[in-house]
Structures are given as C-alpha cells and as structure tokens.
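Accompanying notes for the structure given below.
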Ligand code: SF4
C-alpha cells in the first residue's frame with residue numbers, strides 16, 4: 001500500500017503486536033470502540049481498522065458449492081477489503097461495510113485454528129487468508145502474515161496459504177517456516193495486470209518476489225484466475241506460462257489452479273461505474289445456475305486447454321496438482337479426461353499429492369476413507 005492510510009484501533013486490542021506496530025509507526029490513528037462504517041468501496045480502502053476477533057474466523061471457502069468440484073480450502077477472515085483496485089473484484093458488490101479491516105488479535109486466531117485442526121487429525125488443512133482481501137498487501141503495516149507463518153511452522157496438519165498480487169514478501173524471508181506456509185500468487189498476462197489489476201505489483205515484480213520466497217525455501221502455488229479473453233490472449237497466456245517456468249522450477253510449485261472471469265449480474269453495473277475504462281463487460285457472457293456470468297462453456301474450455309497445454313510443455317516430470325476453480329465435472333472431464341467424484345476426493349487428492357511430492361511437509365499417508373466419510 002503506497003499511499004498513507006489512516007487507522008483506527010479498537011480499544012480491546014491496543015496491546016496486540018499489530019496495534020503496537022501501528023502506534024509506533026504512524027501518528028495518524030485513533031482508538032475507537034468499534035469500526036467506522038464506510039459505505040464507499042474506494043474510500044474504504046484508505047482507512048485501516050484493527051478489530052478484535054468476534055466469533056469464529058475459520059471456515060470453509062464461501063464459494064464451496066456441491067454443484068462444483070471445489071477444493072475445500074479453509075479461509076481465515078482476517079482481512080476485509082483490499083488496497084488494490086482489480087476492476088473485476090467481487091468485493092465491490094459483496095461488502096456492506098467497506099472499511100479495510102484487519103482482525104488484529106492473532107493469538108486468538110491461532111487458538112481457534114489449533115482447536116479445529118486437532119478435532120480432525122487425519123486431515124490436511126489448507127488455510128488461506130485471502131478470501132476477502134490480499135494476504136500480503138497490508139504486511140508492511142501489520143506483520144500479521146509473519147506472525148501466522150511462525151505459528152503454522154509448529155502445527156502438525158495444516159498449511160498456511162498466503163495468496164497475493166503484491167511483491168511484499170520481505171517479512172517472510174528470514175523465518176524458520178518449515179515449509180508450512182505456501183506463498184501463492186495470482187498471475188495474469190501483462191495486458192490484464194496493466195489494465196484490470198490496478199495498483200498491484202506488475203508481473204516482473206510478482207515473479208521476482210516469487211523467486212525470493214522460493215529461494216528462501218517456501219513452496220509456491222499459482223492461480224491463473226481469472227483468465228480473461230481479449231484479442232491477443234492466446235499468445236499472451238503462452239508468454240506468461242513461459243516466463244513463470246523460466247523463473248521458478250516446477251518442483252517448487254505445490255499446486256496450480258485455473259479459473260475464468262465470473263461475476264454476479266449486479267456487479268456489472270458497479271464495475272462499469274467504478275472502472276469506466278475497463279473493457280471486461282464488453283464480451284458476451286451467460287448466467288450459470290449459480291447466477292454468475294461467465295464466458296460460454298466452449299470458450300472457457302478453449303482457454304483452459306490452451307493454458308494446460310502450455311503448462312505441460314514446461315512442468316517436466318513434476319506431477320503438479322492442477323485444478324479448476326468453480327467448474328462442474330463435465331468441464332473437468334473434457335479438460336483432464338477425468339475428474340474427482342466429489343469435493344472430498346479433491347481434498348484428499350491435495351493431501352496425497354503433497355504427501356507424494358513433499359513428504360517432509362505431509363509425512364502421514366492420507367486416508368481416503370476418512371476424507372470420503374467427511375461432510376463438506
Ligand atoms: S487483489 Fe484480490 S481482493 Fe484485492 S482488489 Fe484485487 S481481486 Fe480484490
């Protein structure tokens with residue numbers, strides 16, 4: 001975050017490390033009993049509120065839908081809103097209070113995680129912090145990902161999944177992370193980053209940051225999502241994959257996800273209003289049964305097939321787990337020739353793939369029966 005935001009700190013958490021850091025680094029803060037309620041999406045990005053933890057903070061990803069083959073990642077709702085301006089960001093249509101908020105009580109968050117992972121010791125939990133924001137965009141202000149990564153290094157059956165469009169990784173580099181944190185990037189072509197992912201790190205900066213973290217021993221995961229159609233998309237996505245693998249060896253990539261542009265019909269109006277120069281809504285899209293607008297299925301498949309072909313060119317003998325985000329079994333089958341029969345099976349596939357490729361992180365052989373008995 002390059003501009004200087006203002007801060008508010010809830011009375012209850014003024015002694016947490018995050019609150020202390022903010023108090024030590026800026027005078028532009030006030031102590032408040034509750035969060036301000038900023039209605040405007042863009043204005044909300046300019047003020048950071050540090051809040052206490054209220055209720056449960058760890059849940060399954062809210063996009064989980066039994067109509068799709070979802071990956072069953074868990075998410076921590078530690079941030080809400082984001083300093084970046086991706087034109088397609090669903091938060092502009094989702095948040096009722098747009099104040100950029102951070103749950104600053106990291107100790108209480110870790111306590112909840114420990115209780116939940118202990119209840120299912122057979123399971124490998126992948127736990128992200130990106131559902132309602134970017135995992136690292138606020139790191140220079142909060143150090144929260146550093147605190148979390150230090151704690152995850154000691155947890156037996158959980159991986160922290162930090163997902164970002166930033167290059168703000170320096171805090172993570174000196175840690176004894178035991179590879180229990182995956183530092184992940186959402187990648188897109190240079191054209192899309194420049195035109196639609198405003199204020200984020202550019203591709204060169206993201207890849208340089210990825211190189212820094214993989215050199216520091218972290219594994220990474222890559223999210224080609226949302227893939228977006230425009231005139232030169234095929235050549236540009238080919239270049240993107242080539243640049244990635246030129247910089248990062250395939251044995252440092254824990255998994256790859258692929259998805260395409262999707263949004264609720266109500267968001268179209270907001271997107272055009274907030275970002276009038278964006279061309280995203282010019283393409284023809286159709287509503288799925290989940291009421292989200294997407295490109296027509298043959299077009300999506302064409303994009304996925306192209307990307308997969310390019311990935312396969314460079315991945316060598318590494319069996320990287322590649323999955324689709326928010327797609328049905330028929331798209332999986334056409335793309336991969338096969339598909340996991342359930343969310344449970346895909347959750348198991350993650351654990352098994354990591355166990356096979358990185359036994360130092362997942363030493364326990366995952367038990368398929370246990371996964372299949374679980375309810376998602
Ligand atoms: S980085 Fe993610 S959360 Fe932030 S604006 Fe972009 S899409 Fe939204």
Alpha carbon centre of the stretch 223-299 versus the stretch 109-177: separation in Å?
-> 26 Å
Zone residues, the stretch 256-286, relative to residue 345, backbone N less than 18 Å from point 7 Å out along Cα-to-Cβ = none
At a Förster radius of 35 Å, what calculated FRET efficiency corresponds to the Cβ-Cβ distance of residue 94 and residue 23, to the nearest 0.05?
-> 0.70
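What's the exposure ranking of 244, 203, going from fewest to most Cβ atoms within 10 Å?
Fewest-to-most ranking of 244, 203: 203, 244.
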So, in nm, how far is label residue 179 from label residue 52 when the simple model puts each one 7 Å beyond its Cα toward the Cβ?
-> 4.1 nm
Under a plain spin-label model, where a point goes 7 Å from the Cα along Cα-to-Cβ, how far apart in nm are residue 212 and residue 247?
-> 1.2 nm
Output the antiparallel fraction of DSSP beta bridges having both residues in the chain, as a percent to the nearest 5.
-> 20 percent
What relative contact order, as a whole-number percentage, does the stretch 154-216 give when Cα pairs under 8 Å and 6 or more residues apart are counted?
-> 42 percent
What ranking of 317, 135 emerges when the number of other C-beta atoms within 10 Å of each C-beta is taken as an exposure proxy, fewest first?
-> 317, 135
Dividing the helical contributions, -39500 (n - 2.57) per DSSP H run of n ≥ 4, by the residues of the chain yields a 222 nm value, nearest 500 deg cm²/dmol, of -10500 deg cm²/dmol
Please provide three numbers in whole Å: the alpha-carbon extents of the chain along the principal axes, with the largest listed first.
-> 56, 51, 38
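Given a cut-off of under 8 Å on Cα pairs at least six residues apart, what relative contact order in percent is computed for the chain?
This gives 15 percent for the chain.
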Output the relative contact order of the stretch 265-376, whole-number percent, from Cα pairs under 8 angstrom with separation of 6+ residues.
-> 15 percent
To the nearest Å, what is the center-to-center distance of the stretch 19-51 and the stretch 318-362, using C-alpha atoms only?
-> 40 Å
Based on the Cβ-Cβ distance from residue 143 to residue 198, what FRET efficiency comes out when R0 is 30 Å, to the nearest 0.05?
-> 0.70
List 82, 61 from most exposed to least, where exposure is judged by having the fewest other Cβ atoms within 10 Å.
-> 61, 82
Please give the contour-minus-distance gain from residue 313 to residue 297: 0.36 nm per residue of separation, less the Cα-Cα distance, rounded to one decimal in nm.
-> 3.3 nm
Describe numerically, in nm with one decimal, the distance between label points set 7 Å from Cα along Cα→Cβ at residue 330 and at residue 112.
-> 3.9 nm
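FYI, it's all coordinate maths here, none of it is from the lab. Computed from a predicted structure; not experimentally measured. Counting neighbours? That spans all protein chains shown, and the Cβs are built from the backbone with ideal geometry, glycine included.
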